[in-house]
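The values are calculated or read from the model by the stated rules, or taken from the named source; none is laboratory data. Please read all numbers here as calculations on a predicted model, not as lab measurements. Cβ: placed from backbone, ideal geometry, glycine included. Neighbour counts: every protein chain shown.
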Ligand SMILES: NC(=O)c1ccc[n+]([C@@H]2O[C@H](COP(=O)([O-])OP(=O)(O)OC[C@H]3O[C@@H](n4cnc5c(N)ncnc54)[C@H](OP(=O)(O)O)[C@@H]3O)[C@@H](O)[C@H]2O)c1
């Protein structure tokens, strides 16, 4: 049976990705799911197939631009993509005793949260533009609207994604391709379980997915939720930065290490062997 709508979702096996996929799942949808762990992707695929969707999945690290581009361009030639949701993300925070963030954690967040989302968008944008239709969704965070002092790189990557999304939307508007930036607050998931600190207005991944789907369906340019937290941030951002900082005290947090990232430091991030010109 041919499917009406082709949806790409990265971070498909995580808390929000899983719930969001189920919001879209029906007999008219073909999914392409991307994240790294094949077992978790297979389980997610089985659940979506039980709702009548066609599902293919690819165990790809979104940091690998060549792999993301090759897979999505091949998919697009077989099944033109209607909607791509760049949702894969990682979090980290300050080190022990509020020491600075580790270099591997800093690099990982920049590479997955920002570069990975850009790789996902750039893989599809030329073909969507040529067809004059399609939707690109970037999953940012309220932390991108008001940075959390204990999560400097996470906040910065999510702010970068907001800026990238606004720029893409302006560029693509004449072509008919739409761009939606989503900024969730605290959502219950494996990611937020490692966030040890206050999580005001935390909501279930299922509830977040309902709100995210509605924003995607109405092709919202930008949607930040839950409303009360987002509204507080809007107001806070009207204040001079030094005064707005006074309201960040309640957001102290420790971020537990991510058990899914027991990885080697990336080349160039370790201590350099001293070199001399005689070598
Ligand atoms: N939970 C919250 O409170 C919250 C709030 C605001 C925004 N967000 C954002 O929402 C998105 C989803 O978060 P979540 O709470 O669902 O997190 P999660 O449960 O930790 O899931 C993260 C997903 O991303 C995938 N992923 C991680 N690194 C990847 C990589 N290098 N390449 C490909 N896939 C990768 C994971 O699968 P593998 O590990 O198998 O690759 C998993 O499917 C993230 O962008 C996050 O920043 C979350």
Practice problem: Take region 1-27 and flag every residue that is surrounded by fewer than 21 Cβ atoms within 10 Å (Cβ to Cβ) and outside any strand (DSSP E or B). | Solution: 1, 2, 3, 4, 15, 22, 23, 25, 26, 27
Practice problem: Hey, can you tell me all the residues within region 97-148 that are assigned to a helix (DSSP H, G or I) and without any contact (Cβ under 8 Å) to a residue 40 or more places away in the chain? | Solution: 97, 126, 130, 143, 144
Quiz item: Do any strands (runs of 3 or more DSSP E) entirely within region 155-269 hold 1 or more residues that are more than 14 Å from the ligand (Cβ to nearest atom) and farther than 24 Å from residue 83 by Cβ, and if so, which?
Solution: 253-255
Quiz item: What number of residues in region 14-31 are more than 13 Å from the ligand (Cβ to nearest atom), in contact with a helix residue (DSSP H, G or I) (Cβ under 9 Å, 6 or more places away or on another chain) and closer than 20 Å to residue 79 by Cα?
Solution: 4
Quiz item: For region 53-106, which residues satisfy the criterion of being surrounded by fewer than 18 Cβ atoms within 10 Å (Cβ to Cβ) and either within 18 Å of the chain's Cα centre (by Cα) or at positive phi (or both)?
Solution: 59, 61, 64, 65, 67, 69, 97, 98
Self-check item: Hits in region 34-57 - residues which are within 23 Å of residue 203 (Cβ to Cβ) and within 13 Å of the ligand (Cβ to nearest atom)
Solution: 35, 40, 44
Quiz item: Of 91, 46, which residue is in contact with a strand residue (DSSP E or B) (Cβ under 9 Å, 6 or more places away or on another chain), in a loop (DSSP other than H, G, I, E, B) and modelled with pLDDT of 95 or more?
Solution: 91
Quiz item: With (1) under 25 Å from residue 203 (Cβ atoms); (2) surrounded by 21 or more Cβ atoms within 10 Å (Cβ to Cβ) as the list, and residue 30 as the residue in question, which single condition is left unmet?
Solution: (1)
